[in-house]
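Every number in this text was worked out from the coordinates using simple rules, so none of it is lab data. Predicted, not measured: the structure shown is a model, and the values here were computed from it. Ideal geometry is used to build each Cβ from the backbone, glycine not excepted, and the neighbour counts take in all protein chains shown.
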Amino acid sequence: MPESACQLCLLLLLGLGLGSPEALPPPCESQIYCHGELLHQVQMAKLYQDDKQFVDMPLSSAPDQVLQHFRALASAHNHSVPRPQLQAFLQEHFQAAGQELQPWVPEDWKDSPRFLEKIADSKLRSWARQLHRLWKKLGKKVRPEVLRQPERFSLIYSQHPFIVPGGRFHEFYYWDSYWVMEGLLLSEMAGTVRGMLQNFLDLVQTFGHVPNGARVYYLQRSQPPLLTLMMARYVAHTNDAAFLRDNIGTLALELDFWAEKRNVSVSLGGKSYVLNRYHVPYGGPRPESYSKDAELAGMVPEGAREALWAELKAGAESGWDFSSRWLIGSQNSSSLSSIRTSKLVPVDLNAFLCQAEGLMSSFHASLGNEAEAAKYRNLRARRLAALEAVLWDREKGAWFDYDLEHGKKNHEFYPSNLAPLWAGCFSDPSMADQALKYLEDSQVLTYQHGVPTSLRKSGQQWDYPNAWAPLQDLVIRGLARSPSPRTQEVAFQLAQNWIQTNFRVYSQTSAMYEKYDISSGGQPGGGGEYEVQEGFGWTNGVALMLLDHYGDRLSSAAQAAFLEPLCLAAALLLGLLLR
């Protein structure tokens, strides 16, 4: 190969942080699925509409053989393989995405779970039955060859079958699975939930944390930590104390990961508080979004690219990938190249961890281990004090992300601002009513079809006009914790609005979606890095939860409400009369 071509190739690799001595470590060791020239050439050639497709494709032979053949091919073409030759190479050495999984109908699925009887509206009851049937469509099982030859797959082997979100997401994901499990428990599928829980526990035993999803390219980032809550819901449903006893040490390992790898100290008013953040110090473009990340890096100086890619991974770890929430405070808050996820202390992450610490204390107390119960009780108390000192805003009546660089709160609206209510991590019962006033003041209750993800229209999928099922749950169950009938009635009306949106779109399309556009009557959502996906695991789970909790009152008739302050008294009176 001519020297100039060698130099060009080296410069290209250096520019992408693949050969730089200052480069952060790659997302995983695989030179096919996580970093290296093969990944770079295939993804930058954009052979597929979605970068995720390539990194989900199994190998037809051992990785060393595939890499050897590719090096010969690349060398023959001065390290710039033409598109037709790349396509031929992939056809010879890779299999189609999804081959490592097979459909699975859960053995514990039953035709008529009891919760259906609680739904008064016959149309909603029929719809709930159809949602219950979707579990059979979303069930997957890993083929045994993934266990025998793991090096040929990006999929991480799981012993037990599971429910996937749907659409482009062939594998299971961490925080999605909590709301899926809530739906499965209502569907009386505790055996499926136990298997999924065991898969997560096995991941913690192997890797020390729960990865973002069950792929090697997700290994170095996690997602919102809900494993302890999953266990709590399973144990509450089954009274399976033996399963809890056998695995409580693994739950502790996961919380240790967050305490040791994702902690941050905040000094305020002469005191120091330890809280947590999303932070993924690993370099290179995300393999599943490689070309987008590589192109985005062209917008920043070469020396800032590794930091950009690490911040993108932290944004993915948050579950909110992506949102103006992670751009606020930057010089160019409209560009994803300005992402700064790790510079913010998120309300929801710390609420989830506060809840987990409380649950761990209760678990240990139930198992007779008072010393460990006291340890986690003290951890929760310290975090609760930090939440209220650093993130709570008494004047506004809500919690807000804290900007570490600028030393101030981000006062933008996000449903996550109410996460401590949902998690039960607040000290004063009146905080729920203060949060209702905050929602009124923010004009959030004027949206008829769901609570928006933010009030900024950035083009990112975790922003306006999209609304997401788990965020509806945060707000609805958070408000429902209030002892005030007025606040509880708002929670019901928000549930009614969301069910109306889901039901109407399902009636039109026969599909459930991962997100909804609430700006024009409620439609499948958009924006972000890929097309809106059907399925959809957590949307189904939240719908079933709301149908179970409010089934005696919810209506299929179009009656979405503007919940402006003057209307709340009337809504409350009507609700009481209907009861």
| Which residues' amide hydrogens lie under 5 Å from the amide hydrogen of residue 464, considering only partners 5 or more residues apart or on another chain, with H built in the peptide plane? | 453, 454, 455, 456, 458
| query | How about segment 510-544: which GluC sites (Glu not before Pro) there lie in a loop by DSSP and see at most 13 other Cβ atoms within 10 Å? | reply | 531
| request: Return the aspartates and glutamates within reach of residue 409: Cα separation strictly under 15 angstrom, same-chain partners fewer than 8 residues apart disregarded; answer none if there are no such residues. | output: 348, 388, 393, 395, 401
| task | Could you list, in their original order, any pairs among 343/375; 46/292; 110/140; 52/292 whose Cα atoms are separated by more than 19 Å? | result | 343/375
| request: Determine the distance separating the Cα centre of segment 174-192 from the Cα centre of segment 270-328; give it in Å without decimals. | output: 30
| said: Kirkwood hydrodynamic radius, computed over distinct alpha-carbon pairs, for the chain: how many Å, to one decimal? | reply: 24.9
| query | Put a dot 7 Å past each Cα toward the Cβ at residue 302 and residue 105; how far apart are the dots in nm? | reply | 5.9
| message | So for segment 55-138, averaging the separation of alpha carbon pairs under 8 Å that are six or more residues apart and normalising by length, what relative contact order in percent results? | response | 35
| query | For segment 409-522, treating each Cα as an identical point scatterer without solvent, what Debye log10 I(q)/I(0) comes out at q = 0.11, 0.13, 0.15 1/Å? | reply | -0.34, -0.47, -0.62
| request: For segment 91-154, run through the GluC sites (Glu not before Pro) and keep only the ones in DSSP coil with at most 14 other Cβ atoms within 10 Å of their Cβ. | output: 107
| Cα principal axis extents for segment 305-446, largest first, Å | 53, 39, 25
| request: Kindly provide the trypsin sites (Lys or Arg not before Pro) of segment 54-118 that DSSP labels as loop, not H, G, I, E or B, and whose Cβ sees at most 15 other Cβ atoms within 10 Å. | output: 110
| field | Whole-number percent relative contact order across segment 127-264, with pairs defined as alpha carbons under 8 Å at least 6 apart | value | 21
| said: To check my understanding: the extent here is largest minus smallest coordinate of the Cα atoms along each principal axis. What are those three numbers for segment 62-185, in Å, largest first? | reply: 69, 29, 22
| note | Taking the chain and counting helices only, DSSP H stretches of n ≥ 4 at -39,500 (n - 2.57) each over all residues, the nearest-500 ellipticity at 222 nm comes to -15000 deg cm²/dmol
| query | How big is D, in µm² s⁻¹, for segment 327-372 by Stokes-Einstein at 20 °C and 1.002 mPa s if Rh is the Kirkwood radius over C-alpha pairs? | reply | 161
| Working out 0.36 nm times the residue gap between residue 486 and residue 271, then minus their Cα-Cα distance, what length gain in nm do you get to one decimal? | 73.7 nm
| field | Using distinct alpha-carbon pairs, which all enter the 1/r mean, Kirkwood radius of segment 46-126 in Å | value | 16.8
| query | Fully extended, how many nm does the chain gain between residue 428 and residue 263 (0.36 nm per residue separation, minus their Cα-Cα distance)? | reply | 56.8 nm
| query | So, in Å, what gap is there between the alpha-carbon centers of segment 505-559 and segment 400-443? | reply | 25
| message | With 12 Å as the cut-off, how large is the P(r) tail for segment 117-160, expressed as percent of Cα-Cα pairs? | response | 69
| request: Apply 1/(1 + (r/R0)^6) to the Cβ-Cβ distance of residue 92 and residue 332, taking R0 = 51 Å, and write down the FRET efficiency to the nearest 0.05. | output: 0.70
| Using alpha-carbon pairs under 8 Å, 6+ residues apart, how would you state the relative contact order of the chain in percent? | 14
| message | For residue 280, what residues show an amide H to amide H distance below 5 Å, using hydrogens built from the backbone and excluding near sequence neighbours? | response | 314
| field | Estimated FRET transfer efficiency (residue 112, residue 76; beta-carbon r; R0 51 Å; 0.05) | value | 0.20
| field | J(HN,Hα) series, segment 225-230, from Karplus relation 6.51 cos²θ - 1.76 cosθ + 1.60, nearest Hz, glycine and proline x | value | x, 10, 4, 4, 5, 4
| Under-5 Å amide H pairs with residue 60, H placed in peptide plane, nonlocal only | 94, 95
